[in-house]
Amino acid sequence: MALLTLTNLTKAYRRPDGTTHTVVEVGEFTLAADEQRALRGESGSGKTTFLNLIAGILAPDSGHLAIDGRDLAGLGEAGRDRLRAETLGYIFQTFNLLQGHTVLENVELGMAFGRGVDRTHAESLLRRVGLGEKIHHFPRQLSTGQQQRVAVARALANHPKLVLADEPTGNLDARNSREALALIREVCRENGAALLLVSHDEAVLAQFENVQDFAALNRAAAAEPAGK
């Protein structure tokens, strides 16, 4: 059964000179409920915009996009926010941790926008990603790899059905990259979440059985270089 379906999805921006720049133009895309897929995409291919459309951070100009049977195109900003909080987890390349809050508070704040804060679950997730002894540390007191683990725990905090990962190992060295990716995939499987990851790193892509070229998927990329 398809968890994510989209057809004829487009997003364009107005340039300073008044012309229109189409960043995303995807005819059809589906992702199964238990699937883990990687999209190969260079910087400037539109892949981050594509993920942000799926997440409801951006609204498409046209097309149909449904997650778990709910049509995002028919929702207002508040509705997209609720759907994102209840259904999606997002792992960013830069982690986006709040530096003035502890590791535990970062995960709990992610919960606050969804079903509500569950400290027991937050602590369990942090133990699962190997940070049980650091829940009261601040992000600045952690290594880059440990900060990535906080980001993984936060993405899984609301029991999402779909986890999006945008170059999630881009700031890690080779060893930490392999470990982080293995952890992301394993924790998604344990929590029954589908995973859609985008990366330009062939070492990352090689660890996926299902890899798709985003440039082939995105008709806008064939027309002209697209913004990230």
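The values are calculated or read from the model by the stated rules, or taken from the named source; none is laboratory data. Keep in mind that what you see is a predicted model, and the values were worked out from it rather than measured. Methodologically, a virtual Cβ is constructed for each residue, glycine included, from the backbone with ideal geometry; neighbour enumeration extends over all protein chains shown.
In region 176-192, is there at least one residue being within 25 Å of D81 (Cα to Cα) and among the small types (G, A, S)?
Checked against the condition, which is being within 25 Å of D81 (Cα to Cα) and among the small types (G, A, S), region 176-192 yields at least one hit.
List the number of the failed condition for K11; all other conditions in (1) under 14 Å from L197 (Cα atoms); (2) of a type in the set (D, E, K, R); (3) part of a strand (DSSP E or B) hold.
Against the list (1) under 14 Å from L197 (Cα atoms); (2) of a type in the set (D, E, K, R); (3) part of a strand (DSSP E or B), K11 comes up short only on (1).
Scan region 79-91 for residues that are within 22 Å of R185 (Cβ to Cβ) and either surrounded by fewer than 20 Cβ atoms within 10 Å (Cβ to Cβ) or modelled with pLDDT of 90 or more (or both) and jot them down.
T87, L88, G89, Y90, I91
Going by what's in this entry, would G46 be described as at pLDDT 90 or above, among the small types (G, A, S) and in contact with a strand residue (DSSP E or B) (Cβ under 8 Å, 6 or more places away or on another chain)?
Working: at pLDDT 90 or above: yes; among the small types (G, A, S): yes; in contact with a strand residue (DSSP E or B) (Cβ under 8 Å, 6 or more places away or on another chain): yes.
When the stated conditions are applied, G46 passes them.
Going through region 74-91 one residue at a time, which ones are in a helix (DSSP H, G or I) and hydroxyl-bearing (S, T, Y)?
Listed by number, the list holds a single entry, T87.
Just give me the residues in region 138-173 being within 23 Å of G44 (Cα to Cα) and either out of contact with any Phe, Trp or Tyr (no Cβ under 8 Å at 6 or more places or on another chain) or among the hydrophobic types (A, V, I, L, M, F, W, C) (or both), in sequence order.
V163, L164, A165, E167, T169, G170, L172, D173
Where residues in region 92-125 are of a type in the set (S, T, Y) and not in a loop (DSSP other than H, G, I, E, B), which of them is nearest to L142 (Cα to Cα)? It would help to see each step written out before you state the result.
Let us first name the residues in region 92-125 that are of a type in the set (S, T, Y), namely 94, 102, 120, 124.
Pick out the ones that are also not in a loop (DSSP other than H, G, I, E, B) and you get 120, 124.
Numbers: T120: 22, S124: 19 Å.
Only one residue fits best here, namely S124.
Tell me yes or no: at least one residue of region 126-137 is part of a helix (DSSP H, G or I), within 19 Å of R40 (Cβ to Cβ) and touching a residue at least 24 places away in the same chain (Cβ under 8 Å). First the steps, then the outcome.
Of region 126-137, the ones part of a helix (DSSP H, G or I) are 126-128.
The next check asks that each one be within 19 Å of R40 (Cβ to Cβ); those that pass are none.
Looking through region 126-137, none of the residues is part of a helix (DSSP H, G or I), within 19 Å of R40 (Cβ to Cβ) and touching a residue at least 24 places away in the same chain (Cβ under 8 Å).
Would you please list the contacts, defined by Cβ atoms under 6 Å and residues six or more apart or on different chains, that run from a residue in region 94-120 that is buried (at least 19 other Cβ atoms within 10 Å of the Cβ) to a residue that is among the acidic types (D, E)?
G114/E86
Test V198 against the criterion of being touching a residue at least 24 places away in the same chain (Cβ under 8 Å) and closer than 22 Å to A12 by Cα, and give yes or no.
Against the criterion (touching a residue at least 24 places away in the same chain (Cβ under 8 Å) and closer than 22 Å to A12 by Cα), V198 qualifies.
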